[in-house]
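Input: a single structure, listed below in structure tokens.
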Amino acid sequence: METTKPAAKDASSAETRRRILNAAEVLFVAHGFDGTSMRMLTSQAGVNLASVNYHFGSKEELIRAVFRRRLSELNRARLEALAQVEQEADGAPLRPSRIVDAYFGTALRMAADVQGGGHLFMRLLGRTQTEPHEFVRRFLAEEHGPCVERFLAALYRALPDVPKAEILWRFQFMIGAMSYAIAGPYELQQVAGPFDDDNPERLVGRLMSFLLGGLRAPLGSC
């Protein structure tokens with residue numbers, strides 16, 4: 001009797017895992033983590049509960065896997081962009097705008113990637129900031145930690161006359177602005193009416209201009 005070859009089994013298993021992750025990403029964006037049931041997930045992915053348990057073990061592990069799949073790519077791209085800026089500077093002080101672009105611009109360009117799935121994932125990442133979920137936020141802090149520390153160190157060196165506490169606050173403000181922008185202007189649209197557009201690439205220039213303006217703003221009196 002002919003048996004399924006190991007390579008075919010591995011390919012089938014990998015495809016099932018991919019379908020589960022894709023389905024979870026879509027549902028988490030639409031319904032949030034708590035609002036997504038396992039029944040919804042298995043229906044969307046076209047798998048049974050046993051498959052989800054086999055590949056991930058628990059809903060928390062599935063959430064971690066959804067984020068790890070693209071976060072590692074995002075943070076690697078950010079660090080590569082910063083390394084390129086440092087190489088081009090050849091020991092000279094870095095322009096703060098180049099540091100900001102390496103961190104935030106890289107994320108915004110991923111958010112503009114509709115075909116590759118980056119747009120959906122960045123909307124999910126933005127939702128974690130606008131709709132806090134303690135477990136997810138702790139996990140993301142751990143995943144982002146080394147990358148954020150690297151960028152903060154670069155900003156400290158690039159802005160030696162700016163107090164570190166002020167840089168931290170402005171970085172926090174920039175994270176918040178990016179998160180809300182990527183999540184979409186839905187709440188404000190309820191008041192002001194539709195003003196969004198259907199081209200996510202426009203968000204890159206629009207938001208980067210805003211972020212750089214905030215970074216360059218005069219120090220407050222407090």
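The values are calculated or read from the model by the stated rules, or taken from the named source; none is laboratory data. Bear in mind that the values here come from a model prediction, so they are computed numbers and not experimental data. As a convention, Cβ positions derive from the backbone with ideal geometry for all residues, glycine included, and neighbour counts pool all protein chains shown. Please note that ligands, DNA and RNA were not included when accessible areas were found on the heavy atoms of the full protein model with its side chains. Shrake-Rupley method; radii C 1.70, N 1.55, O 1.52, S 1.80 Å.
Would you be able to tell me the number of residues in segment 14-58 that are free of Cβ contacts under 8 Å to residues at least 12 places away in the same chain and among the polar types (S, T, N, Q)?
As a first pass, look at segment 14-58 and keep what is free of Cβ contacts under 8 Å to residues at least 12 places away in the same chain: 14-15, 18, 30-31, 35, 37, 39, 42-43, 48-50, 53-54, 57-58.
Filter once more, so that each one left must be among the polar types (S, T, N, Q): 37, 42-43, 48, 53, 58.
Matching residues across segment 14-58 total 6.
From the list Glu25, Glu73, Glu61, which one is over 16 Å from the mean Cα position of the chain (by Cα) and either part of a helix (DSSP H, G or I) or within 30 Å of Val100 (Cα to Cα) (or both)? So that I can check it myself, show each step before the final result.
Working: Glu25 fails: over 16 Å from the mean Cα position of the chain (by Cα); Glu73 fails: over 16 Å from the mean Cα position of the chain (by Cα).
Result: Glu61 is the single residue among Glu25, Glu73, Glu61 that is over 16 Å from the mean Cα position of the chain (by Cα) and either part of a helix (DSSP H, G or I) or within 30 Å of Val100 (Cα to Cα) (or both).
What are the pairs, 6+ residues apart or on separate chains, where a residue within segment 86-105 that is under 22 Å from Gly118 (Cβ atoms) has its Cβ under 8 Å from a residue that is open to solvent by 80 Å² or more (accessible area, probe 1.4 Å)?
Ala102/Gln84
Quick one: which of Val204, Val191 is part of a helix (DSSP H, G or I), more than 19 Å from Tyr103 (Cα to Cα) and modelled with pLDDT of 80 or more? Step through it out loud before you land on a result.
Values: Val204 fails: more than 19 Å from Tyr103 (Cα to Cα).
Answer to the check: Val191.
Consider segment 38-67. How many of its residues are surrounded by fewer than 14 Cβ atoms within 10 Å (Cβ to Cβ) and in contact with a helix residue (DSSP H, G or I) (Cβ under 7 Å, 6 or more places away or on another chain)?
Count: 5.
Under 6 Å between Cβ atoms, at least 6 apart or on separate chains: pull out the pairs that start in segment 133-149 with a residue that is among the acidic types (Asp, Glu) and end on any residue that is modelled with pLDDT of 85 or more and surrounded by 17 or more Cβ atoms within 10 Å (Cβ to Cβ).
Close Cβ pairs satisfying both conditions: Glu143/Leu71.
Within segment 172-183, is even one residue buried (at least 16 other Cβ atoms within 10 Å of the Cβ), farther than 25 Å from Arg98 by Cβ and modelled with pLDDT under 90?
Yes, that holds for at least one residue.
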